[in-house]
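Notes to accompany the following structure.
The values are calculated or read from the model by the stated rules, or taken from the named source; none is laboratory data. Because the structure is predicted, anything quoted here is derived from the model rather than measured. Neighbour counts run over all protein chains shown; Cβ positions are idealised from the backbone, glycine included. To get the accessible areas, we keep the full protein, side chains included, count just its heavy atoms, and leave off ligands, DNA and RNA. Shrake-Rupley method; radii C 1.70, N 1.55, O 1.52, S 1.80 Å.
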Amino acid sequence: MNNCVLFSIPGNEFLGHSLTELLHAEPGEAIIRHFPDGETYVKVISNVYGKDAVIICSLHHPDNKILPLYFLAKTLKEFGATSVILVTPYLAYMRQDKRFTDGECISSELFARLISGFIDKLITIDPHLHRRSSLDEIYSIHCAVLHASPLISKWIKENIDKPVLIGPDSESEQWVSEVAANADAPFMILEKIRKGDRKVQVSVPEVEKYKDHTPVLVDDIISTAHTMIETIGHLKKAGMKPPVCIGIHPVMASRAYDKLIKAGAEKIVTCNSITHPSNGIKVDELLADEVCKNCFVIN
Ligand code: R5P
């Protein structure tokens, strides 16, 4: 692919290097740094005239990355790049998707408008679509959404003896059942029974049947890890084995990893959509295949 140049926003060099190798693409040369006063400096060194420029930038801690990304994308266009494709394995600002209280900003919509204003195409993995059914509802550019579930199923199949997948609530059933089916594993969904306005009892169905299995919790994002910690508590109470926790996007805010281990997780495994020591499932090839499809000229 010699008509495609790949640039990495600082912090994404590892994935950027891997994609460049997989695609046999030209590594993009640019300087991205800060002036002593904290302002961002960007200089494009590679010749991008008539080429597709791909920028790798997982948007974890997005506020620090958005300005370098904007400056780089606009400068690449000024120097003649045919298109600017953003590969962002973790797409930020997807969770504030409605006004929960009066006066709040719906950041997912504003962020989508901002990105759509300077990027031509976006490639991401399992964005947090909760109240929206598609990124097209908020992004006005072409968006390719990839799914990590086949990679997770494969990892479970190869690494876990007698797994049983656990969904923390009924909303997770669709996703958990798919991962389970592809891993040839059973699954259970925790049942919430409302006992009053403020009291919810959570039960683990068919617990006896799966006591000798390894519970596997799967979620799209591990942020504070509260969702998984709470689920581990229910599994413990039901007398199940310590679970393996799998997350696609290891946001890992506020020492979430340590808290999850302390809560009783046997192991934590994540996809490398965000670089983290828990990365065990690689998304490199999934992304590379999509970049290949989206670059205009492929040699
Ligand atoms: C929620 O809708 C998401 O799917 C995750 O369950 C959630 O973002 C996890 O967040 P935390 O780790 O902070 O509980």
Qualifying residues in the range 86-123 (those that are open to solvent by 60 Å² or more (accessible area, probe 1.4 Å) and within 16 Å of the ligand (Cβ to nearest atom)) - the one nearest to Glu285 (Cα to Cα): Tyr93
Quick count over the range 257-276, residues being more than 23 Å from Leu151 (Cα to Cα), of a type outside the set (Lys, Arg) and within 12 Å of the ligand (Cβ to nearest atom), is 1
Scan (1) open to solvent by 40 Å² or more (accessible area, probe 1.4 Å); (2) within 16 Å of the ligand (Cβ to nearest atom) for the single condition Val179 breaks and write down its number. (1)
Six or more apart or on different chains, Cβ under 6 Å: which pairs go from a residue in the range 41-67 that's over 15 Å from Thr88 (Cα atoms) to one that's modelled with pLDDT under 95 and not basic (Lys, Arg)? Could you list them? Lys51/Asn3; Asp52/Cys4; Asp52/Cys295; Asp52/Phe296
Step by step: first the residues of the range 239-256, then only those that are more than 10 Å from the ligand (Cβ to nearest atom) and in a loop (DSSP other than H, G, I, E, B), then the one that is most open to solvent (accessible area, probe 1.4 Å). Which residue is that? Arg255
Matching residues, the range 167-176, being within 11 Å of the ligand (Cβ to nearest atom) and either outside any loop (DSSP other than H, G, I, E, B) or of a type outside the set (Asp, Glu) (or both): Gly167, Pro168, Glu171, Ser172, Trp175
Condition check: open to solvent by less than 80 Å² (accessible area, probe 1.4 Å), over 25 Å from Ile138 (Cα atoms) and hydrophobic (A, V, I, L, M, F, W, C). Does Ala25 satisfy that? yes
Given (1) in contact with a Ser or Thr (Cβ under 9 Å, 6 or more places away or on another chain); (2) more than 19 Å from Leu86 (Cβ to Cβ); (3) outside any helix (DSSP H, G or I); (4) at pLDDT 95 or above, identify the lone condition not met by Ala265. (1)
